[in-house]
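A.B. asks: This is the structure I have questions about; it appears just below.
The values are calculated or read from the model by the stated rules, or taken from the named source; none is laboratory data. For clarity, every value in this text was computed on a predicted model and none was experimentally measured. Here the Cβ positions follow ideal geometry from the backbone for every residue, glycine too, while neighbour counts run over all protein chains shown.
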Amino acid sequence: MEQLLTVAFLTSLLAGAVTAGVPLLLAGLGEQVSEKAGVLNIGIEGMMLVGAYTGFVAAWSTGSFWLGFAAGAAGGMAVALLMALLCVRLGLNQIVVGIALTLGAEGITALLHHVQFSRTYPRLPGVETLPIPFLSEIPVLGRALFDRHPFVYLAVLMVPLLVFVFRRTGLGLHLQAAGDKPAALDAAGVSVVTTRTAAVLFTGAMAGMGGTYMANIGAGLFIPFMTGGAGFIGIVLAMLARGRPGWVLFGALLFGASMALTTALQVGGVNIPTDVIQMVPFAAVMAVLVIFGRRAKLPAALGLPYVRGER
Amino acid sequence: MTEPILSVRGLTKRYPGVVANDGVDLALMGGEVHVLLGENGAGKSTLIAMLTGLQQPDAGDILVDGTPRVIASPREALRLGIACVYQTIMLSPTLTVAENLALGEPWWSRPDRAKIAAELAAMREDLDIAVDPDALAGDLSLGQQQQVEIARALMRGGRVLILDEATSMLTPAGADELGALIRRLAARGLAIVFISHKLNEALAFGDRVSVLRLGRKVGELTPDHIAAQPKEATMAEIVGLMFGRDRAEAMARTPRPASAEPPILQATGLSLQVPGGVGLKDVSLEVAPGEVLGIAGIDGNGQRELAEVLAGQRVAAGSIRLAGEAIDGLGVGARRRKGLRYLTDDRHHEGTVGPFAVAENFVTKDVGASPFWSAAGLVDKSAIGAHAARMVADFDVRTPSVATPIGRLSGGNMQKVILARELTGEAKVVIYAKPTYGLDVANTEATRARILAAAEAGVATVLISTDLDEILALSDRIAVMSAGRIVGTVPNGPDARAAVADLMVGRVAA
Amino acid sequence: MSATDQTLDTPRSRPPFGLTRLVLTTLAPIVAALLLSALVLALLSVDPVAYYAYVLRRGLTSWLGLQATLTRMAPLLCLAASLIMAFRAGLWNLGIDGQFLLGAVLVGATAQPLSTVLPQAAMLPLCILVAAAAGALWALVPALLKAYEGVNEIITTLMMTFLGISLANVLVKLLFLDPATTVPQTRTLPVADRLPTLPESTISSGLLIGVVAVLAVHFVMTRTAFGMRLRIVGTNPRAAVHAGLSVPALTIAVFCLSGALAGIAGAVEVLGVQGNVRADWNPAYGLAVIPLVFLARFNGVAAIVFVFAFSILSIGGESAARRLGVPHFFTLVVVSILLIALALAEYVDHRRRQRTT
Amino acid sequence: QTKVESIAILVPEQGTDYGWNQQGVDSARAAAEAAGVELIPAEGLGYGDIRPTLRELAADGVGLMIAHASGYNTAAPEIAEETGVPVAIVDSPDKLKPGLVADYTLSGHEGAYLAGRLAAKTTDTGTVGIVVSGEPPSWNSHSAAFADGVKAEDDSVKVLYAVIGPAAYSDAAGGKRVTESVIAAGADVIFGQGNGSSFGMIQAVETTPATDGSDVMFIDVIGDKSELDTGHLLSSVMWDMTPVYTAMIEDLEDGTFGTKSYAISIADDSVKLLKTPQIPDATWDELMALRQDIIDGKITVEPVFDAQAVRAKMANVSAD
Ligand SMILES: Nc1ncnc2c1ncn2[C@@H]1O[C@H](COP(=O)(O)OP(=O)(O)OP(=O)(O)O)[C@@H](O)[C@H]1O
Ligand SMILES: Nc1ncnc2c1ncn2[C@@H]1O[C@H](COP(=O)(O)OP(=O)(O)OP(=O)(O)O)[C@@H](O)[C@H]1O
Ligand SMILES: [Mg+2]
Ligand SMILES: [Mg+2]
């Protein structure tokens, strides 16, 4: 084992943790905004998958990773738009629609991949990274954290940005009121529907880009069902974080790290089935909940459609 | 005669089965407090809803400064300077006062706490509105929350301020403060609409009175007209308009001397810590069969905690005996079976299960009990239906059918349902919490009559109310609660009002 | 996710079964969904008519297909029962997949050994009890956290599902491995010892268990005192406290019952069909059943109908896809469109009744 | 005696994965064409319950049902009993039943052994890696034999073993991530087994230089991805089930079906190494010599199907 602990290996483990964590981070942050506004967005898995597909196709056909992310955001938002129309405007059941959209996204993307790529499996070239001066010189940490594709830095910057929006802007107030007492927001002259729609669309964009990252940078190609439940982990992260973006970041890294740990132990020849290590992050979170039992308090109106004047 | 700021012509609103508003005309003058009266379901809230953009009229015009306007949304109403303090508080509990006041700002704005705090300070100066801008709205008392809503209305440059049953949840003191505030606002030239079920306060605060009945405006009393005649005459006139017939003023009861009978309910040394609340501090009380013990006090001084402890919803230190037997260990159900009943003051959120049928709500406290459920626990719907039918008749509950979801009923009718639920069976001791708030005069009278009838029949009664008139009208003895203690108990009588008032404000009576 | 419209006594949820209403709420959306899906098929240059014909024949009208459909319904119905129980009590148990899997794995581990020592009549009930216990146990943690700490059950049940899936694999791969095969799976229960099939058919009698479970839950929730208490807690916890109900106790009871039913679903699948549990096996039925139960408005009878329709689609869809060379993913698309269409119709119908009642 | 009209093959995923599923379908098609019978492919059946499909195919009068997934070998024999239609299943020699159930063991372990020798000859860093997206029996036997081959070639070469996750078959991102780590740990030859996820492994191989800066090479299994290659595909342990399926059809027709197990082996090239331009001819000749030694029994390669055993093997091969 010990002669394994080379700089290169540790670096790649840490890098792997980040790579695995970024999609969860984006999904979690996105979901957090929806939930703050009172929409339980179960469709996020589907938004990620569609984002992964559209993002990949765009990057593959244009050769630009940035266009890929743009397309991924657009793809995610397209699904989110459906969700907004059905659940926010019409007030359909959010769980039914969310699950339906996820199933639909799985089917459609798999179909498209089948007709388009199942004989060629096109792959993208590696991404060029943007090393941050000085920081990227730090051994291990440096290359793992500060020598990444610029998008990774942007994703992490979303955390302080959201903190700012939540705490310091009118939008932050609107979102919170929409989730805790929509009637109050309405009476204050702000449209609940518009606020929630915006929140859901933002979630779609974030989830979409998360999927794109997974496809274009995480894997370098698109494979049906490749998100494999990342969206649901995003939902859990958002709920646990209870409106604090910093906690989403922490949670995403925890999950990413545990995946890297799996690899580390195996490559080290430690004989534990992957399933056992897979349980670690979930067990950890459950343990936290059991020990501290802190009331995972969610917005009062979460999941409830808002209809003006109904009591 | 000056132009009205806002006037409505032939306003009509239909709901399935009801015409909520039927050709209503109204003119709101600057500097005038326009009182809107009417029984439960008369159409007051609906009228307001149309003025504030929550509902759209089926017919009629709304004119602002003489020009017809379509008020499509609350935002539109606010833009036109029409602000409203709704029957239900419209603040986001998890936001601070300042944040709530900034809630209407555009999404890109940066809420300016300092500026808002300054404006609040200014209002403290000339309007005596005193709220901490950094307090969470959810932590404020109802009175303070209403002040915040009024503050918001003013900050939005409201020229028309509407208050729908703003006083129904306030203490007499709180109501008087609000009234004073209203007058000061009117003095600034605002047009104010004031909805209430309490005639005397309506007359005390208002200049002009309009009365709605079954959606129609059945009369308007001008300031001169009101000034011209004695208060009693005006009241009689209003009651006549509201109910279509003249009525005696609300009945009062001649207090009985402390009864010889031994107390049936004895609570001694009840103490309770409530994080963030006053809780209970060594509260003791006794009630005898047929006796009415009034519990006066400003809202939030431990009345709810006391009621819940007595009813068995909360556990507190100290001991409670019912007919000599210790019942501290028993839960709500067991106490209820022994004849101890509790009428909650929150009919909407605690007393009833909104989506459930009226019939089911009659028995939600007797689930599993015969005759409604068999020994095997199987429901007997016919028994429940029959019981409901009887109760609806006895208590004059106005509902389309016993299968109607109770959430659709007006507060007044909801109140009748839960009152019936508490008074049926072997009621030995009944605790009433604010039994008549939000109810119109007719419902209020009906409810009080029930309470007295039960007492006459030997029920030991604990009457918790923030409405001093109600306490004085019904009680034999009056205990005053303050900061979780019973600060004194006085016999009801001519000089009780003064004594109670002294106790309330902390000037301990001789 | 509001648990309103639960009382069968309210006019809202005892709908007048008029013909127009039936058309509006069921036929119209189904037709619409099928037309939309037909479009997708056309794009794949597949004849939609042929496709739907196969779906119907292979899922419903042919005896063989019908048997498969009815057999597939068994576990889905048990899961529906589990969800109706929890949802009506206002508890959003989204962890049924974990409860299902653990129930299944424990049955997979115990059934074959038991069958060697016990008569079938004793072995089968015992296995079902084991599965019920496993499911209930897995639901207990969220139950306790919800009852005494107020921890939101959506989080905890989702977490427990992720955990449960991994744990199930660990159990199969390390503990309950069948030494006789190289494939990581539990010992196989001989066909003869499995749940008997209905006479003259291959339909698993698990179907009966499922139907009984749903109807029983429906009966309990609508006709018994226990059910009434649960509905009160589910609709308005404050009113429940006011009425002297022990919310924590009822919460725990509901979770355990719901988990037990999910576990039984696992037993039904293993005892009735699979005969063993393979590592990494996770049919994830929950994802399909949850929306169906919502569309059924937590009504048992309606749930049975929806589950039946879904089973036809999943059995017939596989066959149709294979015969017409459509990738099997297509079935997912149809299900998705169908769910949304039904939800929309439900909404339109709701609005209609709002206006008329 | 009995003429087979049509055969069906059931595979868990679409037969377009350049791997297990595609190879199965293609081989079955080849065998069917050779024997002049119709082939009914049933693709993407997943790992759930395939009994309805089996019953339906049986009812349609199929002469043989090939259940091409280790997950299917409980269901298939049961339906064979029920319907009397013969089935072929994988990896269960003990389930043979004359006329009803035949078994074919799909283990390219001999080929994997050669791949191991090739890897050891190729590596410059002295470390090779095995990355798998799951641990089904046939992959386990590959992994074990590969490690043996490496050690037999050069005992000093280190073998790293990593599983992406349980049933991570379509986790392409995981495949790339794990492979990158294995490369970073020193491996410059990757023996990769995974369906969709193996494309992630290839992606990693193509975009990550070895620790010594040289190119990393990839050894694939079952299928031939050379048409997708960009110069990193060293070889592949190729399977060809055509002879197996052909033999099955013949045995059905002369009534000996179900009396013997079938297997793929390097003897008849149903298991073989893929020759790519990346393999120097000299090396290739050495490998062919080794192949002959295996056929002649001079070298014996024992298949190991159990995941735990494989892990144990890896643990002590990488311990030195
Ligand atoms: N949202 C609604 N849907 C259907 N009917 C309604 C609705 N709101 C009010 N109504 C009907 O309109 C009538 C008037 O209601 P409104 O709330 O205006 O009475 P109100 O004067 O405010 O009564 P209260 O004094 O109890 O507040 C009610 O009797 C009711 O039947
Ligand atoms: N959503 C609704 N549907 C039908 N009727 C409604 C609805 N909301 C309110 N109403 C009607 O509006 C009238 C007034 O309702 P409201 O809640 O104001 O009664 P209330 O007596 O004012 O109760 P409160 O004690 O809250 O003041 C009632 O007659 C009620 O039936
Ligand atoms: Mg009202
Ligand atoms: Mg009212």
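A.B. asks: Please verify whether the stretch B:48-60 includes one or more residues that are in a strand (DSSP E or B), modelled with pLDDT of 90 or more and within 16 Å of ligand 4 (Cβ to nearest atom).
C.D. replies: No, because not a single residue in the stretch B:48-60 is in a strand (DSSP E or B), modelled with pLDDT of 90 or more and within 16 Å of ligand 4 (Cβ to nearest atom).
A.B. asks: Quick check on my filter: what residues within the stretch A:173-194 are in a helix (DSSP H, G or I) and at the interface with chain B (Cβ under 8 Å from one of its Cβ atoms)? Break it down into steps so the answer makes sense when it comes.
C.D. replies: Keep residues of the stretch A:173-194 that are in a helix (DSSP H, G or I), which gives A:173-180, A:182-187, A:192-194.
Within the stretch A:173-194, A:LEU173, A:HIS174, A:GLN176, A:ALA177, A:ASP180, A:ALA183, A:ALA184, A:LEU185, A:ASP186, A:ALA187 meet the criteria.
A.B. asks: Another question, if that's okay. Would you point out the residue of the stretch D:170-199, among those that are touching a residue at least 60 places away in the same chain (Cβ under 8 Å) and in a loop (DSSP other than H, G, I, E, B), that is farthest from the other protein chains (Cβ to nearest Cβ)?
C.D. replies: D:ASP188
A.B. asks: Please pick out the residue among B:VAL417, B:VAL358, B:VAL367 that is in contact with a helix residue (DSSP H, G or I) (Cβ under 7 Å, 6 or more places away or on another chain), within 16 Å of ligand 4 (Cβ to nearest atom) and closer than 21 Å to C:LEU245 by Cα.
C.D. replies: Selected residue: B:VAL417, the only one of B:VAL417, B:VAL358, B:VAL367 that is in contact with a helix residue (DSSP H, G or I) (Cβ under 7 Å, 6 or more places away or on another chain), within 16 Å of ligand 4 (Cβ to nearest atom) and closer than 21 Å to C:LEU245 by Cα.
A.B. asks: Regarding the stretch C:336-350, can at least one residue be identified that is over 30 Å from B:SER401 (Cβ atoms), more than 7 Å from every other protein chain (Cβ to nearest Cβ), in contact with a Lys or Arg (Cβ under 9 Å, 6 or more places away or on another chain) and not acidic (Asp, Glu)?
C.D. replies: No - not one qualifying residue is present in the stretch C:336-350.
A.B. asks: I've got another one for you. Since B:ALA449 meets every condition but one in (1) part of a helix (DSSP H, G or I); (2) within 20 Å of B:LEU142 (Cβ to Cβ), which condition does it not meet?
C.D. replies: It fails just one condition, (2).
A.B. asks: Taking into account only those residues within the stretch B:332-374 that are in a loop (DSSP other than H, G, I, E, B) and of a type in the set (Val, Ile, Thr), which is farthest from the other protein chains (Cβ to nearest Cβ)?
C.D. replies: B:VAL363
A.B. asks: Can we say D:THR74 is in contact with a Gly (Cβ under 7 Å, 6 or more places away or on another chain), without any contact (Cβ under 8 Å) to a residue 60 or more places away in the chain and closer than 23 Å to C:LEU189 by Cα? Give the derivation first.
C.D. replies: Numbers: in contact with a Gly (Cβ under 7 Å, 6 or more places away or on another chain): yes; without any contact (Cβ under 8 Å) to a residue 60 or more places away in the chain: yes; closer than 23 Å to C:LEU189 by Cα: yes.
Here the answer is yes, as D:THR74 does meet what is asked.
A.B. asks: Applying the selection to the stretch A:96-124, what residues are part of a loop (DSSP other than H, G, I, E, B) and in contact (Cβ under 8 Å) with a residue 60 or more places away in the chain?
C.D. replies: A:TYR121, A:PRO122, A:ARG123, A:LEU124
A.B. asks: Quickly run through the stretch B:65-94 and pick out the residues that are within 16 Å of ligand 4 (Cβ to nearest atom) and closer than 22 Å to A:LEU173 by Cβ.
C.D. replies: Quick first cut of the stretch B:65-94, residues within 16 Å of ligand 4 (Cβ to nearest atom) only: B:84-90.
Within the stretch B:65-94, B:CYS84, B:VAL85, B:TYR86, B:THR88, B:ILE89, B:MET90 qualify.
A.B. asks: Would you confirm, using the coordinates I've provided, whether C:VAL172 is more than 22 Å from the chain's Cα centre (by Cα) and in contact (Cβ under 8 Å) with a residue 60 or more places away in the chain? Let's see the steps before the verdict.
C.D. replies: Working: more than 22 Å from the chain's Cα centre (by Cα): yes; in contact (Cβ under 8 Å) with a residue 60 or more places away in the chain: yes.
So C:VAL172 fits the description; yes.
A.B. asks: Name the single residue, out of those in the stretch B:390-416 being away from chain C (no Cβ under 14 Å) and more than 13 Å from ligand 2 (Cβ to nearest atom), that is farthest from B:GLN87 (Cα to Cα).
C.D. replies: Here the residue is B:ARG390.
A.B. asks: For C:ASP178, which of the numbered conditions (1) of a type in the set (Asp, Glu); (2) surrounded by fewer than 23 Cβ atoms within 10 Å (Cβ to Cβ); (3) within 30 Å of C:PHE87 (Cβ to Cβ) fails to hold?
C.D. replies: It is condition (3) that C:ASP178 fails.
A.B. asks: Which ones in the stretch B:155-171 are at pLDDT below 85, away from ligand 2 (no atom under 16 Å from the Cβ) and more than 14 Å from chain A (Cβ to nearest Cβ)?
C.D. replies: Passing the criteria: only B:THR171.
Yes or no, residue by residue, for (1) part of a loop (DSSP other than H, G, I, E, B); (2) more than 23 Å from B:GLY290 (Cβ to Cβ); (3) within 16 Å of ligand 2 (Cβ to nearest atom); (4) without any contact (Cβ under 8 Å) to a residue 24 or more places away in the chain:
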residue	(1), (2), (3), (4)
B:GLU422	no, no, no, no
B:ALA427	yes, no, no, no
B:LEU439	yes, yes, yes, no
B:ASN443	no, yes, yes, no
B:VAL462	no, no, no, no
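A.B. asks: Is it the case that B:GLY53 is in contact with a helix residue (DSSP H, G or I) (Cβ under 8 Å, 6 or more places away or on another chain), more than 15 Å from ligand 1 (Cβ to nearest atom), touching a residue at least 24 places away in the same chain (Cβ under 8 Å) and within 13 Å of chain A (Cβ to nearest Cβ)?
C.D. replies: Criteria not met by B:GLY53.
A.B. asks: Step by step: first the residues of the stretch D:60-75, then only those that are away from chain C (no Cβ under 14 Å) and in a strand (DSSP E or B), then the one that is farthest from D:GLU13 (Cα to Cα). Which residue is that?
C.D. replies: That would be D:LEU64.
A.B. asks: While we're here: Starting from residues that are more than 16 Å from ligand 3 (Cβ to nearest atom) and within 14 Å of chain C (Cβ to nearest Cβ), keep the ones in the stretch B:2-46 and report whichever is modelled with the highest pLDDT.
C.D. replies: Step by step, filter the stretch B:2-46, then rank; the result is B:ARG14.
A.B. asks: When you go through A:MET279, A:MET214 one by one, which is the residue that is more than 18 Å from the chain's Cα centre (by Cα), hydrophobic (A, V, I, L, M, F, W, C) and either within 14 Å of chain D (Cβ to nearest Cβ) or surrounded by 23 or more Cβ atoms within 10 Å (Cβ to Cβ) (or both)? Show your work before the answer.
C.D. replies: Values: A:MET214 fails: more than 18 Å from the chain's Cα centre (by Cα).
After ruling out the rest, the residue left standing is A:MET279.
A.B. asks: If you don't mind, there's one more thing I want to ask. Collect the residues in the stretch B:388-412 that are out of contact with any Leu (no Cβ under 8 Å at 6 or more places or on another chain), of a type outside the set (A, V, I, L, M, F, W, C) and surrounded by fewer than 21 Cβ atoms within 10 Å (Cβ to Cβ), keeping them in residue-number order.
C.D. replies: B:ARG390, B:ASP394, B:ASP396, B:PRO400, B:SER401, B:THR404, B:GLY407, B:ARG408, B:SER410
A.B. asks: Mind checking which residues of the stretch A:51-71 are assigned to a helix (DSSP H, G or I), away from every other protein chain (no Cβ under 14 Å) and not aliphatic (A, V, I, L, M)? Please lay out each step first, then the result.
C.D. replies: So in the stretch A:51-71, the residues assigned to a helix (DSSP H, G or I) come out as A:51-62, A:65-71.
Going one step further and asking which of them are away from every other protein chain (no Cβ under 14 Å), we end up with A:54, A:57-58, A:61-62, A:66-71.
Selection gives A:THR54, A:SER61, A:THR62, A:TRP66, A:GLY68, A:PHE69.
A.B. asks: Additional query: It is to be established whether one or more residues within the stretch B:129-143 are away from every other protein chain (no Cβ under 14 Å), within 16 Å of ligand 4 (Cβ to nearest atom), buried (at least 19 other Cβ atoms within 10 Å of the Cβ) and among the aliphatic types (A, V, I, L, M).
C.D. replies: No, every residue in the stretch B:129-143 fails to be away from every other protein chain (no Cβ under 14 Å), within 16 Å of ligand 4 (Cβ to nearest atom), buried (at least 19 other Cβ atoms within 10 Å of the Cβ) and among the aliphatic types (A, V, I, L, M).
A.B. asks: Output the residue which, of all residues in the stretch B:72-92 that are at pLDDT below 90 and assigned to a loop (DSSP other than H, G, I, E, B), is farthest from the other protein chains (Cβ to nearest Cβ).
C.D. replies: B:GLN87
A.B. asks: For the stretch D:17-59, name all the residues that are within 11 Å of another protein chain (Cβ to nearest Cβ), over 15 Å from the mean Cα position of the chain (by Cα) and not in a helix (DSSP H, G or I).
C.D. replies: Those that are within 11 Å of another protein chain (Cβ to nearest Cβ), over 15 Å from the mean Cα position of the chain (by Cα) and not in a helix (DSSP H, G or I): D:ILE40, D:PRO41, D:ALA42, D:GLU43, D:GLY44, D:LEU45, D:GLY46, D:TYR47, D:GLY48, D:ASP49, D:ILE50.
A.B. asks: In addition: Taking the condition small (Gly, Ala, Ser) and either farther than 21 Å from A:ALA27 by Cβ or surrounded by 24 or more Cβ atoms within 10 Å (Cβ to Cβ) (or both), does A:ALA74 pass?
C.D. replies: Values: small (Gly, Ala, Ser): yes; either farther than 21 Å from A:ALA27 by Cβ or surrounded by 24 or more Cβ atoms within 10 Å (Cβ to Cβ) (or both): no.
Here the answer is no, as A:ALA74 does not meet what is asked.
A.B. asks: Could you look through the stretch B:449-468, keep only residues that are small (Gly, Ala, Ser) and over 16 Å from B:ALA433 (Cα atoms), and pick out the one that is surrounded by the most Cβ atoms within 10 Å (Cβ to Cβ)?
C.D. replies: Among them, the one singled out is B:GLY458.
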